[in-house]
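Written below as structure tokens is the structure these notes are about.
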Ligand code: PMP
């Protein structure tokens, strides 16, 4: 089906962002035709699947095939330590709601900054071994990145970003200049730094600690050295590493022993810590600037009292390191199972394990077969990744049992026999 020069069989969401000759409402109607087409062709089956219970290594999802609830091994969650279900985190959350109620009431600047925000921010500062007043909480990890960058970087500045950073970073760079370098490519980064050296006021290199599609790590040491050499600053978004990686769970930055050297650390409260929210860790001056200058802090309410449960979740990183150990054990076991089948898992060093297939349609088919075999995993296609780089992305949890991982591995084996997805 082709209309407005768009072939539905080959189209992606991005093609509908801007279509000449039609307005936003017509575009939405046309997009509806596209999603209906995708559903009819079984290509949209696993988007917005409704789950019956909360997060866990197993989830009850409403089957896209017959609307019946089906029990699946879940490989879709970033709740790496399964703290969303930890009794002590739940208890702390309930107690905080009893004490403070359910909402913040206003944006932080004008009445919505409560004792629990202060306690959480202090906790985040001390978690990273920094003095008080060095952390600021945002409503999501997304806004921690986007609102911070929008406040900090303007027309005389430049963001030099690894091409694989999260969408929220790109959004945050809309008011500034941006230079994108090839993923982890030090030569291209150095060239960009050299070029920017005398041209811009602020040069901010932005990388992820753990990259969300491949699960690989930044070449952080080398990148930091180059950054300093050319008078630039470094920001690391470690959404997927904090709480999971490093000897004490401080994340990818701890893996490289650079916790006291990164200029701006951003993270999320929605993954290892099992809640929602984001944060920025930086110098007290930058934090003060963001409190007054970032639009999210000034014009929007932030965390609800339930966020006080996060303080317990952060304590548990130190008090119960066994969750990290269990996760690591699961990662090693699952990676071995996949590589024994000669599946291409790239260079992952985290709990995100991609199974790279390449072709988008084959990947969609693989996702469907997995679901039918009781395994819920995400199919990632363009624009999430480059067109030829489609994959099934899996993420593991500390609470996956060996039986659940074996079920998932058997399902991948079955898919491999059917679709020949191995190297
Ligand atoms: N950074 C990265 C690297 C991410 O993968 C994500 C979430 N997918 C975010 C930031 C945003 O975090 P949140 O879901 O808390 O908004």
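What follows draws every value from the coordinates through simple rules; no lab data is involved. Worth saying up front: this structure is predicted, and the values here are computed from it rather than measured. Cβ atoms come from the backbone with ideal geometry, glycine included; neighbour counts cover every protein chain shown.
Of note:
- Test: residue in the stretch 179-200 that is within 13 Å of the ligand (Cβ to nearest atom) and surrounded by 22 or more Cβ atoms within 10 Å (Cβ to Cβ): no
For (1) part of a loop (DSSP other than H, G, I, E, B); (2) within 27 Å of the chain's Cα centre (by Cα); (3) under 30 Å from residue 398 (Cβ atoms); (4) touching a residue at least 12 places away in the same chain (Cβ under 8 Å), each residue gets a yes or a no:
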| site | (1), (2), (3), (4) |
| --- | --- |
| 19 | yes, no, no, yes |
| 27 | no, no, no, no |
| 30 | no, no, no, yes |
| 36 | no, no, no, no |
| 48 | yes, yes, yes, no |
| 61 | no, yes, yes, yes |
| 64 | yes, yes, yes, yes |
| 71 | no, yes, yes, yes |
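- Scanning the stretch 273-300 for residues that are within 21 Å of the chain's Cα centre (by Cα) and part of a helix (DSSP H, G or I) yields one hit, 296.
- Residue 104 being touching a helix residue (DSSP H, G or I) at 6+ places or on another chain (Cβ under 9 Å), surrounded by 20 or more Cβ atoms within 10 Å (Cβ to Cβ) and either assigned to a helix (DSSP H, G or I) or without any contact (Cβ under 8 Å) to a residue 24 or more places away in the chain (or both): no
- Boolean, residue 158 is crowded, with 22+ Cβ neighbours inside 10 Å and more than 12 Å from the ligand (Cβ to nearest atom): yes
- When residues of the stretch 245-272 are limited to those that are under 13 Å from the mean Cα position of the chain (by Cα) and in a loop (DSSP other than H, G, I, E, B), the one farthest from the ligand (Cβ to nearest atom): 272
- Here residue 232 clears all of (1) within 16 Å of the ligand (Cβ to nearest atom); (2) under 24 Å from residue 194 (Cβ atoms) except the condition numbered (1).
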